[in-house]
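*Asks:* Okay, here's the structure, questions in a sec.
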Amino acid sequence: MASRLSRRKLAIHAANRLLEGDESVIDELAALLIAERREREADTLVRDIEDQLGFSGELVVTVETAHKIDETIRQQVFQLFPDKTVHIREVIKPELIGGFRVTTPERVLDATLASKLSALRAMKV
Amino acid sequence: MDTILTQFAATAGEQQDLFGSLGIDWRLLALQTLAFLILLAILKKFVYPPLVSMLDQRDEAVKASADAAMEAERQAAEAEARTAELLDEAKREASEIVATAREEANKLAETTQKKAETRAENMLENARDEISKEIEGAKSALRSEALELVALATGSVLGEKVDAKKDKALIEKALKEAK
């Protein structure tokens, strides 16, 4: 019985194939995770793949907002990472109320109204 | 009267019959005198010495008794004086002991009172600290609750007021600040 591949190796392999333009690796990975009953690792594997892509200059950025963003906003997000090829993943969360949250493999930029209200709650007067 | 005068009108020749006329027999008188002297001698030799000796002894005994009585009296007086002295000393010592005991009791009472006061003060201080802490805790809880309510209210109001247009303005402003 073949030993399980580590998540890191899977991520490196998937990132390389995606950079080559081969998107079928995603389906293969999904099948592998199901076969090996590793469905719970899916989110973590995606983050690992995004990290590997980031090393190669391909940055996956998650943009969370309360409302749908337009092209103007997208262009401004691209301008935040001038040296990288940015791929935006848009997530709409009404509970954020307003503002945005940009998440990259290396950091999180949270400018949402919900986070400001949370900070208010956490204030110790 | 004539008889008496007749009798006293006797001559010197009748003097030798004076003892006879008085009824005194000079030979008997001499014998009686001798007997008396012999008796006296015998008494002096055999009776008076022991008698005198006995009297002297009795006298000495009485004197000794008197001396003994005086001595006993003197000793009784001395014993009484000594007893009085010991009694005074005992009273003095008893007074000192009572005074010392009273002083120690007062000191003990004072110390106990001070300890009790200190303990009471400490308890009061602890109680005050406890109350202060509880008040601060209540204030903190109240502030937290107030902040929570403010955040909830603000979130609710903002959720209603912030539309897509205002949100876009917010995002653009935040992106400019992030650059």
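*Asks:* How much of the accessible area of chain B, in percent, comes from carbon and sulfur atoms when a 1.4 Å probe is used?
*Replies:* 61
*Asks:* What dipole magnitude, in Debye to the nearest 20, does the protein assembly as shown give about its Cα centre under +1 on Lys/Arg Cβ and -1 on Asp/Glu Cβ?
*Replies:* Charge dipole, the protein assembly as shown, about its Cα centre: 2280 debye, nearest 20.
*Asks:* Hey, another quick one. Please find, in a Gaussian network model of chain B (springs between Cα atoms separated by less than 10 Å), the residue of B:Arg143, B:Arg74, B:Arg102 whose mean-square fluctuation is greatest.
*Replies:* Most flexible of the set in this elastic network: B:Arg143.
*Asks:* Grab the other residues whose beta carbon is less than 11 angstrom from that of B:Glu80, score K and R as +1, D and E as -1, and report the net.
*Replies:* Working: positive: B:Arg74, B:Arg82; negative: B:Glu73, B:Glu78, B:Glu85.
My count for the surroundings of B:Glu80 gives -1.
*Asks:* Right, another one. Divide the volume of the convex hull of the Cα atoms of the stretch A:1-123 by its number of residues and quote the answer in cubic angstrom per residue.
*Replies:* Each residue corresponds to 144 Å³ of Cα convex hull volume.
*Asks:* Around A:Thr112, which amide H atoms from residues at least 5 apart in sequence, or from another chain, sit under 5 Å from its own amide H, with H modelled in the peptide plane?
*Replies:* Long-range HN contacts for A:Thr112: A:Phe100.
*Asks:* Determine the per residue accessible area of the stretch A:1-86 with all protein chains present and a 1.4 angstrom probe, expressed in square angstrom.
*Replies:* Ligands and nucleic acids excluded, the result is 63 Å² per residue.
*Asks:* I want the local charge near A:Leu59. Using Cβ-Cβ distances under 12 Å, sum +1 for each Lys or Arg and -1 for each Asp or Glu among the other residues.
*Replies:* -2
*Asks:* Looking at the protein assembly as shown, I'd like the Rg to Rh ratio, where Rg is from alpha-carbon atoms and Rh is Kirkwood's inverse mean 1/r.
*Replies:* 2.15
*Asks:* Helix B:26-42: angle to the longest alpha-carbon principal axis of chain B, degrees 0 to 90, nearest 10?
*Replies:* Here the helix axis deviates by roughly 30 degrees.
*Asks:* Once neighbouring chains are kept in place and the probe is 1.4 Å, which whole percent of the accessible area of the stretch A:1-56 is contributed by carbon and sulfur? Intermediate results must be reported in sequence, preceding the final value.
*Replies:* On the way: 2090 of 4040 Å².
That share works out to 52 percent.
*Asks:* Here's another thing I want to ask about it. Any idea how far the Cα center of the stretch A:42-110 sits from the one of the stretch B:83-161, in Å?
*Replies:* If we compute the Cα centre of each part, the gap is 62 Å.
*Asks:* Taking +1 at the Cβ of each Lys and Arg and -1 at the Cβ of each Asp and Glu, which of B:Ala76, B:Ala151, B:Ala141 sits farthest along the dipole of chain B towards its positive end, judged by Cα position relative to the Cα centre?
*Replies:* About the Cα centre, the residue reaching furthest to the positive side is B:Ala151.
*Asks:* Please report the accessible area of B:Asp59 (heavy atoms, 1.4 Å probe, ligands and nucleic acids excluded) in Å², nearest 10.
*Replies:* About 100 Å², rounded to the nearest 10.
*Asks:* Could you state the angle between the C-alpha long axis of helix A:42-55 and the longest principal axis of the C-alpha atoms of chain A, as a value from 0 to 90 degrees rounded to the nearest 10?
*Replies:* 80
*Asks:* Can you give me the angle between helix B:48-161 and the longest principal axis of chain B, using Cα atoms only, in degrees from 0 to 90, rounded to the nearest 10?
*Replies:* For helix B:48-161, the angle is close to 10 degrees.
*Asks:* Using only protein heavy atoms and a 1.4 angstrom probe, determine the accessible area buried between B and A, summed over both sides, in Å² to the nearest 100.
*Replies:* 1900
*Asks:* Along the positive direction of the dipole of the stretch B:112-179 (beta-carbon charges: Lys, Arg +1; Asp, Glu -1; about the Cα centre), which of B:Thr112, B:Met123, B:Ala164 reaches farthest?
*Replies:* Checked the options; the winner is B:Ala164.
*Asks:* Could you size up the charge dipole of chain A around its Cα centre, putting +1 on the beta carbon of Lys and Arg and -1 on that of Asp and Glu, and report it in debye to the nearest 20?
*Replies:* Its charge dipole is roughly 680 debye.
*Asks:* Right, next: Within the stretch A:1-78, list the trypsin sites (Lys or Arg not before Pro) lying in a DSSP loop whose Cβ has at most 11 other Cβ atoms in a 10 Å radius.
*Replies:* Sparse-neighbourhood loop trypsin sites (Lys or Arg not before Pro): A:Arg4, A:Arg37, A:Lys68.
*Asks:* Then there is this: Calculate, for the stretch B:10-132, the solvent-accessible area per residue in square angstrom, rolling a 1.4 angstrom probe over the heavy atoms of the protein chains. Don't skip to the end; give the middle numbers.
*Replies:* Details: 10980 Å² over 123 residues.
Each residue of the stretch B:10-132 exposes 89 Å² on average to a 1.4 Å probe.
*Asks:* What size of dipole, in debye to the nearest 20, comes out for the stretch A:1-62 about its Cα centre when the only charges are +1 on Lys and Arg C-beta atoms and -1 on Asp and Glu C-beta atoms?
*Replies:* Numbers: 9 positive and 13 negative charges, 81 e Å.
Dipole magnitude for the stretch A:1-62 comes out near 400 debye.
*Asks:* Just to make sure I understand: if all protein chains stay in place, what is the order of A:Ile26, A:Ile69, A:Ile88 by accessible area at 1.4 Å, largest first?
*Replies:* Numbers: A:Ile26 85, A:Ile69 10, A:Ile88 45 Å².
Largest to smallest exposure gives the sequence A:Ile26, A:Ile88, A:Ile69.
The values are calculated or read from the model by the stated rules, or taken from the named source; none is laboratory data. It should be emphasised that the depicted structure is a prediction, and the values quoted were computed from it without experimental measurement. Virtual Cβ from ideal backbone geometry, glycine too; neighbours counted across all protein chains shown. To get the accessible areas, we keep the full protein, side chains included, count just its heavy atoms, and leave off ligands, DNA and RNA. Shrake-Rupley method; radii C 1.70, N 1.55, O 1.52, S 1.80 Å.
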